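Inspection log for the structure reproduced underneath, given as structure tokens.
The values are calculated or read from the model by the stated rules, or taken from the named source; none is laboratory data. Worth saying up front: this structure is predicted, and the values here are computed from it rather than measured. Note that we place each Cβ from the backbone using ideal geometry, even for glycine, and neighbour counts take in every protein chain shown. Keep in mind that these areas ignore ligands, DNA and RNA; they rest on the heavy atoms of the full protein, side chains included. Shrake-Rupley method; radii C 1.70, N 1.55, O 1.52, S 1.80 Å.
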Amino acid sequence: MLAILTSAALQGINAEAVHVEVNTGEAGTPGLLMVGLPDASVKEAKDRVWSAIQNSGFKTPWSRTTVNLAPGELRKEGSGFDLPVALGLLVASGQLESPLLEEALIAGELSLSGATRPVRGALAMARLARQLGKRRVLLPPSSALEAALVENLEAVAVSSLDHAFRLLRGEIPPHVITPAEALAALARHPATEVADFSEVKGQRVVRRAAEVAVAGNHNLLLIGPPGSGKSMIAKRLPGIMPVPNRDEALEILGIQSVAGVPGGLGGFGRRPVRSPHHTVSDVALLGGGAIPSPGEVSLAHHGVLFLDELPEFKRSALEVLRQPLEDAVVTISRSSGKLTLPCSFLLVAAMNPCPCGHLGDRTRECRCSPTQIQRYRSRISGPLLDRIDLHVEAPALSVTELRAAADGESSAALRARTEAARARQHARFRGSPCTSNARMSPTQIRTHCRLPDPLAHLLESAMNQLQLSARAHDRILKVARTIADLDGAETIAEPHLLEAIHYRNLDRRLIG
């Protein structure tokens with residue numbers, strides 16, 4: 001007897017439909033054969049499914065059984081096919097008959113006892129089910145919470161194989177999780193506390209640069225000796241970023257769910273912060289693999305990617321950041337095809353001024369030779385520096401200065417200004433894909449960053465003196481536009497332009 005159920009396989013951050021075809025009663029040695037390009041974790045499903053069926057009180061087929069995961073050319077991985085395969089076996093062996101199977105997409109891992117376990121990519125699967133015209137998805141409880149956030153679809157939580165069996169036979173009513181119930185469950189997750197900017201002593205210029213960076217979504221590079229507060233400030237940036245809207249929150253959750261990031265729903269409604277170690281590989285940073293999955297740049301989508309000790313990263317890893325920084329997407333090419341992943345993030349990088357870290361320190365002497373300093377700084381290429389809008393020095397503070405410094409502004413005060421600046425940008429770019437000043441196209445720059453002749457001559461003089469590139473010219477204008485937005489100004493004034501130029505005066509000193 002043949003049974004066909006609908007499930008899904010993950011491809012990047014999206015899900016592709018997979019038809020689970022189960023045929024039993026075949027001639028030959030009794031056993032379960034799985035075909036359809038499964039990986040090792042899918043092949044192991046037959047052992048989990050066999051035990052789950054027996055421990056749930058059902059009968060296993062006493063004949064040769066073939067399970068085909070179609071289409072055959074699509075590689076499948078993960079344990080999410082356990083539940084549809086088990087239900088397919090029950091249908092094919094005549095133990096289950098239900099018209100509800102045709103209108104449902106099913107996924108879930110099974111334990112040996114028959115209990116369900118969460119699967120990755122539940123949000124993507126729910127979106128696929130809606131595209132396929134399905135009425136509901138059957139998923140483990142925590143995965144169903146994610147799926148419930150997709151509108152016009154019933155997210156049904158099933159806690160075990162027996163639970164799914166009785167539900168499909170109509171013996172018990174389905175537990176449909178509503179969007180309100182899902183959001184209420186999310187609210188019960190304790191929010192991760194983000195340290196406050198008021199704890200940062202001194203460093204007025206660096207604090208101001210951080211505010212400008214967040215207000216316009218501009219990339220930021222902090223240069224200073226150890227202990228100057230670079231990492232302290234970077235870790236507080238999420239506290240002054242605007243709260244993501246619903247669409248952004250769903251995009252963040254979808255990527256985290258596909259990647260199996262711990263926390264999942266506990267991070268819903270908060271911007272991600274990724275801080276990979278400097279030993280990270282190119283694939284881990286950019287994404288990829290036999291079945292391409294999101295890397296750190298995509299996991300930081302709509303959030304912050306913090307790279308501490310920037311020159312310690314491999315040169316190849318830093319160079320792969322150039323396309324994501326420019327296009328806000330990353331394209332992964334494999335022999336099987338291309339995959340494009342979103343990665344609109346705020347890059348925050350920190351580095352020492354020299355290998356020992358004490359160049360320019362008023363209290364400790366630098367032991368590095370000019371050659372060592374040049375070699376250290378040359379690990380960061382000019383094209384990468386061009387894509388970082390703000391370059392800021394974070395000088396070391398003495399104990400006396402730290403004790404005398406008053407508390408700075410709170411994160412709440414800074415966030416109020418950045419949200420107001422972002423609101424001006426959203427109104428300015430309404431109707432276009434652009435959402436922040438950092439993402440302005442050349443046409444938008446000419447429209448919204450016009451300079452009167454005196455300021456245009458001032459910028460030209462600065463470009464010549466600092467020997468900046470054409471890309472740096474556009475980025476100065478974008479930063480000046482953001483500074484004007486923070487001031488509530490309609491046009492760019494001289495103080496706005498001078499401050500923006502100031503954030504680029506380390507360009508040639510870093511690579512010269």
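Relative contact order for the range 340-481 using alpha-carbon pairs under 8 Å, separation at least 6, rounded to a whole percent? Could you put the intermediate results ahead of the total?
Working: 65 pairs, mean separation 29.2, N = 142.
Over the range 340-481, the number comes to 21 percent.
How much accessible area per residue does the range 1-115 have, in Å², with a 1.4 Å probe? If you can, show how the numbers build up before the last one.
Numbers: 4790 Å² over 115 residues.
Dividing the accessible area of the range 1-115 by its residue count gives 42 Å².
Looking at the range 121-203, what % of the alpha carbon pairs are farther apart than 23 Å? Walk me through the numbers on the way to the answer.
On the way: 1219 of 3403 pairs.
Pairs farther apart than 23 Å: 36 percent.
Hey, with R₀ at 35 Å, roughly what FRET efficiency would GLU199 and GLU365 work out to, going by the Cβ-Cβ distance, to 0.05? Could you put the intermediate results ahead of the total?
Values: r = 30 Å, r/R0 = 0.85.
Computed FRET efficiency for GLU199 and GLU365: 0.70.
Projected area of the range 299-399, taken from the Cα convex hull and averaged over every viewing direction, in nm²? Present the calculation step by step, with values, prior to reporting the outcome.
Numbers: hull surface 33.3 nm².
With every direction weighted equally, the projected area is 8.3 nm².
Tell me the angle of helix 470-487 to the major Cα principal axis of the chain, expressed in degrees between 0 and 90 and rounded to the nearest ten.
90
SER275 label point, 7 Å along Cα→Cβ, cut-off 17 Å on backbone N: hits in the range 314-344?
none
Can you list the lysines whose alpha carbon sits under 26 Å from that of LYS134, skipping same-chain ones fewer than 8 residues off?
LYS76
At a 1.4 Å probe radius, carbon and sulfur cover how many percent of the accessible area of the range 73-168?
Solvent-exposed carbon and sulfur of the range 73-168 make up 44 percent of the total.
Could you tell me the calculated FRET efficiency between GLU44 and ALA185, based on Cβ-Cβ distance and R0 = 45 angstrom, to the nearest 0.05?
Computed FRET efficiency for GLU44 and ALA185 comes out at 0.90.
What whole number of Å gives the distance from the Cα centroid of the range 330-362 to the Cα centroid of the range 271-285?
So the separation of the two Cα centres works out to 8 Å.
Any idea how far the Cα center of the range 459-486 sits from the one of the range 114-159, in Å?
Between the Cα centres of the range 459-486 and the range 114-159 lies a distance of 48 Å.
I'd like the FRET efficiency for ALA27 and LEU74, computed as 1/(1 + (r/R0)^6) with the beta carbon distance as r and R0 of 35 Å, rounded to 0.05.
Working: r = 29 Å, r/R0 = 0.82.
In this case the efficiency is close to 0.75.
For the chain, find the longest principal axis of its Cα atoms and tell me its angle to the long axis of helix 204-216, 0 to 90°, nearest 10.
Here the helix axis deviates by roughly 50 degrees.
Quick one: with all protein chains in place, what share of the accessible area of the range 453-497 is carbon or sulfur, to the nearest percent (1.4 Å probe)? Spell out each step's value before the answer.
Working: 1020 of 2160 Å².
The computed percentage sits at 47.
Can you check what the net charge comes to around LEU318, using other residues whose Cβ is under 11 Å from the Cβ of LEU318 (Lys, Arg +1; Asp, Glu -1)?
On the way: positive: LYS314, ARG315, ARG322, ARG379, ARG387; negative: ASP282, GLU312, GLU319.
With Lys, Arg at +1 and Asp, Glu at -1, the net is +2.
What are the lysines whose alpha-carbon lies under 18 Å from the alpha-carbon of LYS230, with same-chain residues fewer than 8 places away excluded?
Within reach: LYS201.
At 7 Å along Cα-to-Cβ for each site, give me the label-to-label distance between GLU409 and ARG166 in nm.
5.9
Identify, among GLY289, GLN323, CYS343, the residue whose Cα sits farthest towards the positive end of the charge dipole of the chain, taking +1 on the Cβ of Lys and Arg and -1 on the Cβ of Asp and Glu, with the dipole about the Cα centre.
GLN323
Probe of 1.4 angstrom, ligands and nucleic acids ignored: what's the accessible area per residue over the range 323-480, in square angstrom?
Accessible area per residue, the range 323-480: 52 Å².
How big is the gap, in Å, between the Cα center of the range 33-109 and the Cα center of the range 189-245?
Rounded to whole Å, the Cα centres lie 49 Å apart.
What net charge is computed for the residues neighbouring GLU102, neighbours being all others with C-beta under 10 Å from the C-beta of GLU102, Lys and Arg scored +1, Asp and Glu -1?
Working: positive: LYS134, ARG135; negative: GLU103.
So the environment of GLU102 carries a net charge of +1.
Between 0 and 90 degrees, rounded to the nearest ten: what's the tilt of helix 246-259 against the longest Cα principal axis of the chain?
The answer is roughly 70 degrees.
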